[in-house]
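Undergrad: I am attaching a structure below and will ask some questions about it afterwards.
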Amino acid sequence: MTNTMGVPQGSCLSNTLFSLLLNDLPSVIHEAEIYMYADDVAAVVTAPTAHELEQRLNSVVLQLERWFKVNGLVLNKEKTMFLVFQLNGKAAPPLQVTAGQQHVLQMALTTKLLGFNIDSGLKWDHHIEELCSKLGRACFALRRLASTASRDVVLSCYYATVHSLLTYGVELWARAADAGRAFRMQKRAVRAIAGVPDDVSCRELFKESLHTQPLGYFQSTWREPSP
């Protein structure tokens, strides 16, 4: 069977060819800043009023649809959504953005992009909630592993799970009001490695097990001093 368009799934050329295909997308979409990573595409649209924002969003979606059609792609309308950032604590005004003539795009309160759960108020509550859930499972696994494996193996697992999860994008979410929950999970992980109860102070355990300070210590230095 001859392929006239695209590449077979799993081909070693697929990633390179896809990047080449999308290379000109930012230059042909007006009224938006286009950010791309692999097959994730995000368009950032700004406007002084809600009415003008709605117009620009519809214009950008129309431009995206046209570009996809010309390049043999299809806009996935079910997965395409938009999020209105409202940083003053008020609810964003309802906007109607359509793809095609009938499909109305969903106005989301939170969405996932490159491993981040981004919410409309940039409070990072959803991201921290999911992060703590992942860290909780990792801490449970570390405690079970610490009783059977060597310290080097356990530390390798710690850095592959807990440490990597905490440091990913920490510059963005660590200023959130609820960020302390995630850093307390790091302390739970260190106690699990040491095999001590959860109520034991872990200040010295960081030095003995990880030879470093807890990430929460560095996070506290990032906060601006009180006036």
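The values are calculated or read from the model by the stated rules, or taken from the named source; none is laboratory data. Remember, it's a predicted structure, so these values are computed and weren't measured experimentally. Neighbour counts run over all protein chains shown; Cβ positions are idealised from the backbone, glycine included. Ligands, DNA and RNA are stripped out before the accessible areas are found, and what is left, the full protein with its side chains, is counted by its heavy atoms. Shrake-Rupley method; radii C 1.70, N 1.55, O 1.52, S 1.80 Å.
Undergrad: Is it the case that LEU142 is crowded, with 17+ Cβ neighbours inside 10 Å, over 21 Å from the mean Cα position of the chain (by Cα) and over 30 Å from GLU65 (Cα atoms)?
TA: Answer is yes for this residue.
Undergrad: OK, next. I'm trying to understand the selection: among the residues of region 102-115, which are of a type in the set (A, V, I, L, M, F, W, C), out of contact with any Ser or Thr (no Cβ under 7 Å at 6 or more places or on another chain) and surrounded by fewer than 17 Cβ atoms within 10 Å (Cβ to Cβ)?
TA: Of everything in region 102-115, those that are of a type in the set (A, V, I, L, M, F, W, C), out of contact with any Ser or Thr (no Cβ under 7 Å at 6 or more places or on another chain) and surrounded by fewer than 17 Cβ atoms within 10 Å (Cβ to Cβ) turn out to be ALA108, LEU113, LEU114.
Undergrad: Here's another thing I want to ask about it. Residue by residue through region 172-208, note down the ones that are without any contact (Cβ under 8 Å) to a residue 40 or more places away in the chain and under 27 Å from the mean Cα position of the chain (by Cα).
TA: GLY180, PHE183, ARG184, LYS187, VAL190 - these are the residues of region 172-208 that are without any contact (Cβ under 8 Å) to a residue 40 or more places away in the chain and under 27 Å from the mean Cα position of the chain (by Cα).
Undergrad: For region 166-199, give me each residue that is open to solvent by less than 80 Å² (accessible area, probe 1.4 Å) and aromatic (Phe, Trp, Tyr).
TA: Answer for region 166-199, where residues must be open to solvent by less than 80 Å² (accessible area, probe 1.4 Å) and aromatic (Phe, Trp, Tyr): TRP173, PHE183.
Undergrad: Could I ask something else about it? Taking the criterion of being closer than 30 Å to GLN86 by Cα and either out of contact with any strand residue (DSSP E or B) (no Cβ under 8 Å at 6 or more places or on another chain) or at pLDDT 85 or above (or both), would at least one residue in region 137-147 satisfy it?
TA: no
Undergrad: Tell me whether region 94-106 contains one or more residues that are of a type in the set (Gly, Ala, Ser), modelled with pLDDT of 85 or more and farther than 29 Å from HIS126 by Cα.
TA: No - not one qualifying residue is present in region 94-106.
The rows are residues; the columns are (1) open to solvent by 70 Å² or more (accessible area, probe 1.4 Å); (2) within 21 Å of LEU21 (Cβ to Cβ).
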| residue | (1), (2) |
| --- | --- |
| ALA50 | no, no |
| ASN58 | no, no |
| LEU64 | no, yes |
| LEU83 | no, no |
| LEU87 | yes, no |
| LYS90 | yes, no |
| GLY100 | no, no |
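Undergrad: Can you say whether GLU78 is surrounded by fewer than 16 Cβ atoms within 10 Å (Cβ to Cβ) and at pLDDT 85 or above, as far as the supplied structure shows?
TA: no
Undergrad: Could you tell me whether any residue of region 17-28 is in contact (Cβ under 8 Å) with a residue 12 or more places away in the chain, of a type in the set (Asp, Glu) and surrounded by 10 or more Cβ atoms within 10 Å (Cβ to Cβ)?
TA: no
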